[in-house]
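To start, the structure under review is shown below, and the notes come after it.
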Amino acid sequence: MALGMWASSTANALRISYASKAHLSPAFSFSRCFSTVLDGLKYASSHEWVKHEGPVATIGITDHAQDHLGEVVFVDLPETGVAVTQGGSFGAVESVKATSDVNSPISGEIVEVNTKLSETPGLINSSPYEDGWIIKVKPSSPSELGSLMGPKEYTKFCEEEDH
Amino acid sequence: MRVARCLEVWKMGTINYLESIKLQKKLVSDRKTNKISDTLLSLQHPLTYTLGKRRTDHNMLIPMSQLKKIGAELHYTQRGGDITFHGPHQAILYPIISLREIGLGARNYVEKLELTMIELASLYGVKACAGQKGETGVWVGERKIGAIGVQISNGITSHGLAFNIDPDLNYFKHIVPCGIADKGVTSLRKETGLEKCKSQRWEGQGSFKGLQWLC
């Protein structure tokens with residue numbers, strides 16, 4: 001009982017200090033999110049992007065995601081030919097002793113994997129939208145793109161998520 | 001607007017590693033569907049070595065036959081991080097929490113786990129600090145006192161941290177701890193010389209002070 005009361009009083013104390021810290025972060029994260037969200041891409045709420053060009057869609061994680069992950073030291077890549085489903089995990093990245101799964105924004109079949117990430121996983125940090133792409137997929141349901149966020153929506157989503 | 005959140009704490013005593021994995025999988029699934037609130041497991045393991053997703057076997061320095069002789073288990077996991085040891089009198093916390101709901105990414109979450117251990121150490125007068133880049137964990141000088149290895153699935157965390165209260169540090173000699181060859185390991189007992197540095201106390205006030213950021 002005493003532990004509970006003590007915990008809640010320290011939680012309250014922290015809520016005050018945490019709130020004041022939060023005032024510093026939104027401007028920073030807003031400007032970072034705004035400046036590093038690209039037009040022409042669609043975005044998932046789990047912070048992956050997809051670029052649909054003809055029969056193939058390229059998928060990676062966003063600049064917001066790589067910033068929140070920290071330095072990527074390992075990428076667990078899938079095999080080509082594997083099926084992915086919208087919202088389903090297809091691999092993982094490791095950073096700061098944390099493995100985070102990466103989800104596919106669309107369903108389809110993996111036709112190409114960025115094998116450079118095995119040697120240079122940091123490409124995800126340095127070039128999340130270009131050299132750091134992760135997989136290319138042949139979409140099975142192109143209409144799924146309609147359920148994803150556009151750049152403005154995703155920017156706002158990032159801002160709200162970062163409080 | 002910040003909504004009040006609930007953290008349910010399970011004080012589990014000593015639990016077998018595989019049992020804890022099974023439990024965490026269930027809790028992660030339940031947390032994902034909001035069947036449960038954020039949950040914190042507080043426990044110890046019997047003699048156990050674990051490897052992370054990268055399967056850095058080369059950092060295990062003794063063969064399986066010797067592991068069996070000393071009564072230790074070895075498990076491969078999906079967490080981040082390298083090889084580590086768990087055993088009696090090492091305090092382990094596995095938070096099963098939704099990072100998305102508190103707006104945290106992996107990096108910030110891990111920093112807060114480090115702070116938790118740093119604050120606990122400071123309660124006993126031990127000055128610990130977070131590792132340099134690439135050396136995630138908590139250090140007292142060149143000696144590691146706390147390790148971290150986390151898995152994040154759909155924004156829900158599992159695995160977590162391991163803090164050396166008073167484990168038998170000799171067990172670390174059978175591995176290259178966390179893949180870092182030129183640094184040592186330490187414990188609260190070793191740093192303070194305190195006789196009564198028992199893990200039971202950790203399961204009281206000390207362990208949760210540093211976790212107030214979760215609330």
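Quick note: the coordinates plus some simple rules give every number you see, no bench work behind them. In this text the structure is predicted, and so the values were computed from the model without any measurement. Positions of Cβ are generated from backbone atoms using ideal geometry, with glycine treated the same way; all protein chains shown enter the neighbour counts.
Overview of values
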| read-out | value |
| --- | --- |
| Test result for B:Gly149, within 14 Å of another protein chain (Cβ to nearest Cβ), outside any helix (DSSP H, G or I) and closer than 27 Å to B:Asp168 by Cβ | yes |
| Selection from region B:73-101 of residues that are buried (at least 20 other Cβ atoms within 10 Å of the Cβ) and either of a type in the set (A, V, I, L, M) or away from chain A (no Cβ under 14 Å) (or both) | B:Ile83, B:Phe85, B:His86, B:Gly87, B:Gln90, B:Ala91, B:Ile92, B:Leu93, B:Ile96, B:Ile97, B:Leu99 |
| B:Gly125 of a type in the set (Gly, Ala, Ser), surrounded by fewer than 24 Cβ atoms within 10 Å (Cβ to Cβ) and over 16 Å from the mean Cα position of the chain (by Cα) | yes |
| Members of region B:161-197 found to be in contact with a Lys or Arg (Cβ under 9 Å, 6 or more places away or on another chain) and within 30 Å of B:Ser37 (Cα to Cα), listed by number | B:Asn164, B:Ile165 |
| In region A:81-111, residue surrounded by the fewest Cβ atoms within 10 Å (Cβ to Cβ) [restricted to those that are outside any strand (DSSP E or B) and among the aliphatic types (A, V, I, L, M)] | A:Val82 |
| Region A:124-146: number of residues that are in contact (Cβ under 8 Å) with a residue 40 or more places away in the chain and either part of a helix (DSSP H, G or I) or of a type in the set (Asp, Glu) (or both) | 5 |
| Answer residue from region B:1-60, given it is among the acidic types (Asp, Glu) and loosely packed, with under 15 Cβ neighbours inside 10 Å and is nearest to B:Ala147 (Cα to Cα) among those | B:Asp57 |
| Subset of region B:90-123 [more than 25 Å from A:Cys158 (Cα to Cα), of a type in the set (Gly, Ala, Ser) and not in a strand (DSSP E or B)] | B:Ala121, B:Ser122 |
| All positions within region A:59-85 that are more than 11 Å from chain B (Cβ to nearest Cβ), within 14 Å of the chain's Cα centre (by Cα) and not aliphatic (A, V, I, L, M) | A:Gly60, A:Thr62, A:Asp63 |
